[in-house]
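Below you'll find the structure, written out as structure tokens, and then a few comments.
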Amino acid sequence: MQSFGEPWPELNDGLHYRDLLRSSDAGLKLIEFYSKKYRNSAPLLGWLQRIHNKQITIDGDAVTDPDTILREGMELIYYRLPWKEPDAPHLLEILYEDDDVIALNKPSGLQVLPGGLFQQRTVLTQLQWRSLKRTSSSAFQEPSPVPVHRLGRGTSGILLCAKTKVAKSRLAAYFADGTSVVGVSRHTNSELKTMRKITKIYRALASGVINGDEVVVEQPIGQIRYPGVAKGLYVASPSGKPSFSRVGVLERNIHSNCTLVQVEIQSGRPHQIRIHLSFIGHPLIGDPLYVAGGQPKCFDPEVMDESFAHDGGYQRPEKPVPGDCGYHLHAHRSVFPHPITDEVIDITASLPYILRTQEESTAITQG
């Protein structure tokens, strides 16, 4: 299999955030605008620090007075200083590629899209760099592929990316259609399979010994406030959105008190497999966040960290967050119709050693 990827520079380039002031914000003080509109980025004292650091300009001029009155039409730019992002792998294996689609084997530890501390060290950046490199050696400008779904930073395996707008639209629709029919009781399981255009099968290592050979989990997944997660943390919640996972036992290890499972998901809620397995009392081995019941460990919703870093932003939370790694989860197989030709594409990503059955490990060794 072909691979690509450029080593990460020590520091990223920082970020520029631009705002064109609307009439509804006219009359606000500079500090009011940022501390209210972007309160998830930094606390009040953090924004004061950024202003004093000359990280904010108005119409091209740095401003250090937080009480500056804003007027409609002003252009505000906040410059986030460059920083060293946490370590992340940079090589990506190509599992399938044509003029419309590229499927990658994403390594554990690499984030898909920019967010939080990871703004440069992402799959998206490597795709953009690859396109620029190929374009510079060709007379034709190659569009940069974009992921059409996400995998958790700690999750490895198949990531589908689109190379054209049409492919992106259709692949995204495949994922959305699969999620939309979950929980619709009037459909039989065979009908659901027909309606879902994409099949997603994962391997995972769950704690404890699962007794039944197959477990169906239909626990809804919702969100709660959680420190370090601006949009809220996904958890098992009765008031959440319908979710469906079919868990099949592949191998039980009584001595190590764990179970190797295959999971087919019909919906695509964030962290669904981690939440569903923990909900039934079998969190993934090494999961730093979710515990039995599908909830975060050691969480007091009344205690929210308000400390900030040298750039004014929030410190890395002391409590575990969804992007933390350590668990074993792999997107192993994906089957879907090609977004342009409708040909059935069946892609498999090789399994990490720890997620192979004994029989699979033996076959590879002997082969």
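The values are calculated or read from the model by the stated rules, or taken from the named source; none is laboratory data. None of these values were measured; they are calculated from a predicted model. All Cβ positions, even for glycine, are placed from backbone atoms using ideal geometry, and neighbour counts span all protein chains on display.
Brief remarks on what is shown
- All strands (runs of 3 or more DSSP E) inside the stretch 193-246 with 1 or more residues being at pLDDT below 95, in the same structural domain as PHE279 (by TED's automatic domain parsing) and of a type in the set (Phe, Trp, Tyr): 221-226
- Just one residue in the set ALA88, ALA62 is touching a residue at least 40 places away in the same chain (Cβ under 8 Å) and either surrounded by 12 or more Cβ atoms within 10 Å (Cβ to Cβ) or not assigned by TED's automatic domain parsing to the domain that holds THR155 (or both); that residue is ALA88.
- Taken as a whole, the stretch 16-39 holds at least one residue that is part of a loop (DSSP other than H, G, I, E, B) and at pLDDT below 95.
- Boolean, GLY312 is buried (at least 21 other Cβ atoms within 10 Å of the Cβ) and modelled with pLDDT under 95: yes
- Candidates are the residues of the stretch 223-273 that are among the hydroxyl-bearing types (Ser, Thr, Tyr) and surrounded by 15 or more Cβ atoms within 10 Å (Cβ to Cβ); the one that is nearest to GLY116 (Cα to Cα) is TYR226.
- Output for the stretch 260-288, where each listed residue is closer than 26 Å to VAL335 by Cβ and touching a His at 6+ places or on another chain (Cβ under 7 Å): GLY268, LEU284
- Verdict on ASP99 being touching a residue at least 12 places away in the same chain (Cβ under 8 Å), part of a loop (DSSP other than H, G, I, E, B) and either assigned by TED's automatic domain parsing to the domain that holds GLU343 or surrounded by 18 or more Cβ atoms within 10 Å (Cβ to Cβ) (or both): yes
- Only one entry of TYR38, TYR34 meets the criterion of being among the aromatic types (Phe, Trp, Tyr) and closer than 30 Å to GLN126 by Cα, and that entry is TYR38.
- Criterion violated by ILE94 - all others in (1) surrounded by 16 or more Cβ atoms within 10 Å (Cβ to Cβ); (2) assigned to a strand (DSSP E or B) satisfied: (1)
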